[in-house]
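Scroll down for the structure; my scribbles are underneath it.
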Amino acid sequence: MTMRLDKLLGHTGWGSRKQIKELCKGGTVTVDGTVIRDSAVQVDPDRQQIAVGNDVVCYAAHYYMMMNKPAGVLSATTDRFSQTVLDLLPRQYSGAGMFPVGRLDKDTTGLLLLTNDGSWAHRITSPKKHIDKVYEAVVDGVIPADIEEQFRCGIVLDDGLECLPARAVITAPQQLDIVVQEGKFHQVKRMCAAVGLTVTALHRRSIGALVLDAALEPGTFRSLTEQERDLPFST
Ligand code: URA
């Protein structure tokens with residue numbers, strides 16, 4: 001597949017079209033070892049080696065990553081005041097149109113997927129796909145004896161919204177595993193509030209059969225393998 005050199009370099013984080021034009025004019029961009037000064041030429045990233053100086057450019061149309069989201073960072077692409085999860089990715093991904101798959105609250109930690117593949121993201125977030133999202137919640141308050149049944153029957157939120165059936169499992173005196181298949185705004189916190197509990201810490205452990213890599217420190221990420229890309233869709 002061929003594409004314009006400036007498009008490829010923009011996608012891989014080398015700057016705006018104008019900056020890339022200058023880069024090429026300066027003679028630092030090579031295609032199969034030959035200096036290319038015209039940023040509009042067609043190149044084929046599958047067959048040609050494109051480099052900027054000594055950096056070989058690794059092009060892929062779509063990227064799939066998992067991040068261990070730290071507290072204090074927004075699940076958004078940009079924000080005027082707060083650091084976003086995209087700010088944690090290296091420059092290589094800055095021009096690729098990456099976005100978080102669904103949202104975690106600023107204070108929520110754990111598994112967050114990032115991609116630039118809209119249809120993959122949609123399949124994960126759509127409640128119609130019935131993909132389990134598993135959260136570990138630390139709560140304040142008295143956990144009702146029938147919480148599992150209440151969650152199974154479908155919690156009604158404070159604004160009257162009815163949640164799909166979910167699971168709540170008591171794992172420690174003030175801790176629950178909560179499994180939901182949808183992603184309404186503050187869903188887990190509001191479901192807990194509906195049964196008299198305040199969530200004091202929330203961590204997402206898995207999405208379908210894809211579990212957060214225990215080796216990922218908060219704020220770090222890694223690419224998914226091809227097999228891992230399918231794990232959200234199996235349980
Ligand atoms: N539910 C919440 O309340 N917050 C999150 O971040 C995710 C699910």
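Annotation: amide H of VAL57 within the under-5 Å range of ILE50, ALA51, VAL52, sequence separation 5 or more or interchain, hydrogens built in the peptide plane.
For segment 107-165, the mean projected area of the C-alpha convex hull, equal to one quarter of the hull surface, is 5.9 nm².
Just tell me which aspartates and glutamates come within less than 16 Å, Cα to Cα, of LYS25; anything on the same chain fewer than 8 places away is out. Hits, sequence-local ones excluded: ASP6, ASP38. Ranked from largest, the principal axis spans of the Cα set of the chain equal 71, 35, 34 Å. Across the cross-link table entries LYS69/LYS133; LYS21/LYS69; LYS69/LYS189; LYS129/LYS184; LYS133/LYS189, which are compared at the Cα atoms, the separations over 25 Å belong to LYS21/LYS69. Accessible area per residue (1.4 Å probe, heavy atoms of protein chains only) ranks ARG123, ARG80 as ARG80, ARG123, with the largest value leading.
Based on Cα contacts under 8 Å between residues 6+ apart, segment 3-56 shows a relative contact order of 35 percent. Look at where the Cα atoms of segment 13-82 and of segment 147-220 average out, and the two centres are 38 Å apart. When the helices of the chain are scored as -39500 (n - 2.57) per DSSP H run of n ≥ 4 and the total is divided over every residue, the value at 222 nm lands at -5000 deg cm²/dmol.
The values are calculated or read from the model by the stated rules, or taken from the named source; none is laboratory data. Quantities reported herein were computed from a predicted structural model and do not represent experimental measurements. To get the accessible areas, we keep the full protein, side chains included, count just its heavy atoms, and leave off ligands, DNA and RNA. Shrake-Rupley method; radii C 1.70, N 1.55, O 1.52, S 1.80 Å.
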